[in-house]
Amino acid sequence: MEIIKEINKDILAKDICFIPTMGALHKGHTSLIKEGKKSSLPVMVSIFVNQMQFNDKEDFNNYPKPIDEDIKVLENFNIEYLFIPENDYIYPKNNFEKVSSGNLGKQLEGSSRPGHFDGVLTVVNRFFQLINPKIAIFGKKDAQQLFLINKMVVNKEYEIEIIACPTIRETTGLAFSSRNSLLTNAGKDKAALLYEILKSTKKDFYSRDKNNLLENLSSNYLDTEIDIDYLEILDLATFSKPTENTEEYIILIAANIENLRLIDNIDFKFEDK
Ligand code: AMP
């Protein structure tokens, strides 16, 4: 594994399978790497904690950055490149393209985290321009991010195949997340409720009048110990309210637990109960 801080011409000339991360690697990240290894391409993992996507400076400062442990984890996977750029390389003064995430970027996660998705799209776009990967791999865990990245790839006519990987969970159902390491054990127990709520909302979806169900979903869970920011069922293909033409649904949840913001989602076709 070659650790690089910049992309040189030789690397740019290669067809790369690219997996961006913010480090503090866990089984969700390593599942993406395993998927990348299935391609016959050289795999590049990046670790860059992108300050531009943090609307809260304290959140950025507290974000775990265990770089030595991450390098050890990656050494087990026989990847070709670990890209750890400096901030100035990604964001040269006044010389990079800022990407807007539009209306959807202001909703759901974007509503509580203004500017978050503009920061995400800007850094992903910058990576795509620097690396010109053939394949890029992302997790469905960050569903709104994935949707916006797919949209950006279409808008900008990038010839990059985006592979979406399923969410990896602990046995409790809690989705792996770098932020989980900041939770106490009691917090982790509460956080496992997110997946329970997603599953029971899906169950309700089959048994109740849909128009009623779609409104105020989170009011069903006011008495739980977690502070739900949103719980919504959307059309997976459009990320807007389902219609009679909807084929695949996504239920999204965000909650604050021990001052941390956690998100999760499940997607499904109507027939797969
Ligand atoms: P992050 O380091 O949080 O920016 O995540 C890097 C990539 O890993 C993103 O594409 C995430 O969607 C993905 N990811 C994060 N958590 C999980 C998980 N539990 N399962 C699958 N993919 C994940």
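The values are calculated or read from the model by the stated rules, or taken from the named source; none is laboratory data. What you see is a predicted model, and the numbers here were worked out from it, not measured in a lab. Cβ placement follows ideal geometry from the backbone for every residue including glycine, while neighbour counts extend to all protein chains displayed. Protein only, heavy atoms only, side chains kept; ligands, DNA and RNA dropped before computing areas. Shrake-Rupley method; radii C 1.70, N 1.55, O 1.52, S 1.80 Å.
Taking each residue of region 131-150 that is free of Cβ contacts under 8 Å to residues at least 40 places away in the same chain and open to solvent by 10 Å² or more (accessible area, probe 1.4 Å) and looking for partners that are within 8 Å of the ligand (Cβ to nearest atom) and among the hydrophobic types (A, V, I, L, M, F, W, C) with beta-carbon atoms closer than 6 Å, six or more apart or interchain, yields Leu146/Phe138. So, in region 128-146, exactly how many residues are over 16 Å from the mean Cα position of the chain (by Cα) and part of a helix (DSSP H, G or I)? Matching residues across region 128-146 total 4.
Taking region 70-116, which residues are outside any loop (DSSP other than H, G, I, E, B), hydrophobic (A, V, I, L, M, F, W, C) and more than 25 Å from Lys27 (Cβ to Cβ)?
Scanning region 70-116 gives Ile90, Leu104.
If I filter region 154-170 down to residues being β-branched (Val, Ile, Thr) and in contact (Cβ under 8 Å) with a residue 24 or more places away in the chain, which single residue comes out as surrounded by the most Cβ atoms within 10 Å (Cβ to Cβ)? Only one residue fits best here, namely Thr167.
One line per residue, one yes/no per condition, for (1) over 28 Å from Lys38 (Cα atoms); (2) away from the ligand (no atom under 12 Å from the Cβ); (3) in contact with a His (Cβ under 8 Å, 6 or more places away or on another chain):
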position: Gly110; (1), (2), (3): yes, yes, yes
position: Asn132; (1), (2), (3): no, yes, no
position: Ala143; (1), (2), (3): no, no, no
position: Leu146; (1), (2), (3): no, no, no
position: Lys151; (1), (2), (3): no, yes, no
position: Lys156; (1), (2), (3): no, yes, no
position: Glu161; (1), (2), (3): no, yes, no
position: Pro166; (1), (2), (3): no, no, no
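Of a type outside the set (Asp, Glu), within 16 Å of the ligand (Cβ to nearest atom) and in contact (Cβ under 8 Å) with a residue 60 or more places away in the chain, is that true of Phe60?
When the stated conditions are applied, Phe60 does not pass them.
Being of a type in the set (S, T, N, Q), part of a loop (DSSP other than H, G, I, E, B) and surrounded by 13 or more Cβ atoms within 10 Å (Cβ to Cβ) is the filter; apply it to region 207-248 and report the residue that is modelled with the highest pLDDT. Looking at residues that are of a type in the set (S, T, N, Q), part of a loop (DSSP other than H, G, I, E, B) and surrounded by 13 or more Cβ atoms within 10 Å (Cβ to Cβ), I get Thr238. Tally up the residues in region 178-196 that are within 12 Å of the ligand (Cβ to nearest atom), in contact with an Asp or Glu (Cβ under 9 Å, 6 or more places away or on another chain) and among the hydroxyl-bearing types (Ser, Thr, Tyr), please. Final tally of qualifying residues: 1.
Residue-by-condition table, conditions (1) at negative phi; (2) among the hydrophobic types (A, V, I, L, M, F, W, C); (3) touching a helix residue (DSSP H, G or I) at 6+ places or on another chain (Cβ under 8 Å); (4) assigned to a loop (DSSP other than H, G, I, E, B):
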site: Leu148; (1), (2), (3), (4): yes, yes, yes, no
site: Val154; (1), (2), (3), (4): yes, yes, no, no
site: Ile162; (1), (2), (3), (4): yes, yes, yes, no
site: Thr167; (1), (2), (3), (4): yes, no, yes, yes
site: Arg179; (1), (2), (3), (4): yes, no, no, no
site: Asp189; (1), (2), (3), (4): yes, no, no, no
site: Glu196; (1), (2), (3), (4): yes, no, no, no
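Restricting Val99, Val45 to those that are free of Cβ contacts under 8 Å to residues at least 40 places away in the same chain, crowded, with 19+ Cβ neighbours inside 10 Å and in contact with a Ser or Thr (Cβ under 9 Å, 6 or more places away or on another chain) reduces the list to Val45.
Of the residues making up region 8-28, those that are open to solvent by 30 Å² or more (accessible area, probe 1.4 Å) and either within 13 Å of the ligand (Cβ to nearest atom) or assigned to a loop (DSSP other than H, G, I, E, B) (or both) are Asn8, Ala13, Lys14, Asp15, Met22, His26, Lys27.
Selection over region 29-42 of residues that are open to solvent by less than 10 Å² (accessible area, probe 1.4 Å) and either acidic (Asp, Glu) or away from the ligand (no atom under 11 Å from the Cβ) (or both) gives a count of 1.
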